[in-house]
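Derivation of every value follows stated rules applied to the coordinates shown; laboratory data play no part. On a predicted model such as this, the values are computed, not experimentally measured, just so you know. Please note: Cβ atoms are built from the backbone with ideal geometry, for glycine as well, and neighbour counts cover all protein chains shown.
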Amino acid sequence: MDQNRTDVARTLHNLGNLYSAIGNHQQAKEYYERALAIKLKKLGPEHTNVALALYRLGNVHSAMGNHQQAMECYERASSIDLKTLGAEDTDVACTLHSLGNLQNAMGNHQQAKEY
């Protein structure tokens with residue numbers, strides 16, 4: 001079986017969701033990273049499914065206290081979604097909200113207000 005198919009990526013992404021929901025963030029991170037690699041290869045770097053994988057990976061990094069990695073994932077996700085979906089889309093709003101929460105958690109309250 002081709003391990004680089006998008007349905008394999010979807011399954012890996014769903015496993016990441018499952019492990020994230022039960023608090024096993026390290027395992028979730030591994031599944032999200034594998035899904036992201038396939039999505040990048042099959043869909044390209046500007047696809048909304050890539051943005052979703054980055055967003056979920058950012059959530060896991062945030063939960064693990066890896067604030068810089070979370071910030072990078074959220075920023076990449078918001079950049080993709082802004083280009084493809086527009087500024088008024090709810091996915092963009094969710095990612096910007098997460099960026100604000102992350103800035104707040106890092107003690108950057110003024111920057112958090114920007115989001």
| task | Return the FRET efficiency for the residue pair A93, Q26: r is the Cβ-Cβ distance, R0 is 25 Å, and the value is rounded to the nearest 0.05. | result | 0.30
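How much mean residue ellipticity at 222 nm does the chain get from its helices, if each DSSP H run of length 4 or more adds -39500 (n - 2.57) and you divide by all residues, to the nearest 500 deg cm²/dmol? Write out the running numbers ahead of the final one.
Details: 6 runs with 92 residues, N = 115.
Mean residue ellipticity, 222 nm, calculated: -26500 deg cm²/dmol.
Work out the count of Lys pairs in the chain where the Cα-Cα distance is under 23 Å, with the pair 8 or more places apart or on different chains. Display every interim value, and only then the final one.
Working: K29/K39; K29/K41; K29/K42; K39/K83; K41/K83; K42/K83; K83/K113.
So the count works out to 7.
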| Distance (nanometres) between label positions extended 7 Å along Cα→Cβ at A105 and L40 | 2.2
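Which ordering of C94, C73 is given by a fewest-first count of other beta-carbon atoms within 10 Å? Show your work: numbers first, answer last.
Working: C94 15, C73 27.
Ordered by Cβ neighbours within 10 Å, fewest first: C94, C73.
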| remark: Residue by residue through the range 55-68, the couplings from Karplus 6.51 cos²θ - 1.76 cosθ + 1.60 with θ = phi - 60°, in Hz, x for Gly and Pro, are 4, 5, 4, x, 4, 5, 4, 4, 5, 8, x, 8, 5, 5
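For L57, L12, which order do you get if you count the other beta carbons within 10 Å of each Cβ and list the fewest first? Working shown, then result.
Values: L57 27, L12 22.
By the 10 Å Cβ count, ascending: L12, L57.
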| query | Can you work out ³J(HN,Hα) from phi for every residue in the range 34-41, in order, using Karplus 6.51 cos²θ - 1.76 cosθ + 1.60 and θ = phi - 60°, giving whole Hz and x for Gly and Pro? | reply | 5, 4, 4, 4, 5, 4, 4, 5
| message | I want to verify a result. In a Gaussian network model of the chain, Cα cutoff 10 Å, which of these has the top mean-square fluctuation: N17, N59, N104? | response | N104
| remark: Here the range 82-88 yields Karplus 3J(HN,Hα) values (6.51, -1.76, 1.60; θ = phi - 60°; whole Hz; Gly and Pro given as x) of 4, 5, 8, 10, x, 5, 8
| Using the 10 angstrom Cβ neighbour count as an exposure proxy, how do D81, D89 rank, fewest first? | D89, D81
| task | Return the single residue from T84, T95, T48 with maximal mean-square fluctuation; model: Gaussian network over the chain, springs between Cα atoms under 10 Å. | result | T84
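Using a Förster radius of 25 Å, what is the FRET efficiency between D7 and T84 based on their Cβ-Cβ separation? Nearest 0.05, please. If you can, show how the numbers build up before the last one.
Details: r = 22 Å, r/R0 = 0.86.
Here the calculated transfer efficiency is 0.70.
For N66 and A112 in one chain, what is 0.36 nm times their gap in residues minus the Cα-Cα distance, to one decimal in nm?
Values: separation 46, 0.36 × 46 = 16.56 nm, distance 1.71 nm.
Here the segment from N66 to A112 would lengthen by 14.8 nm.
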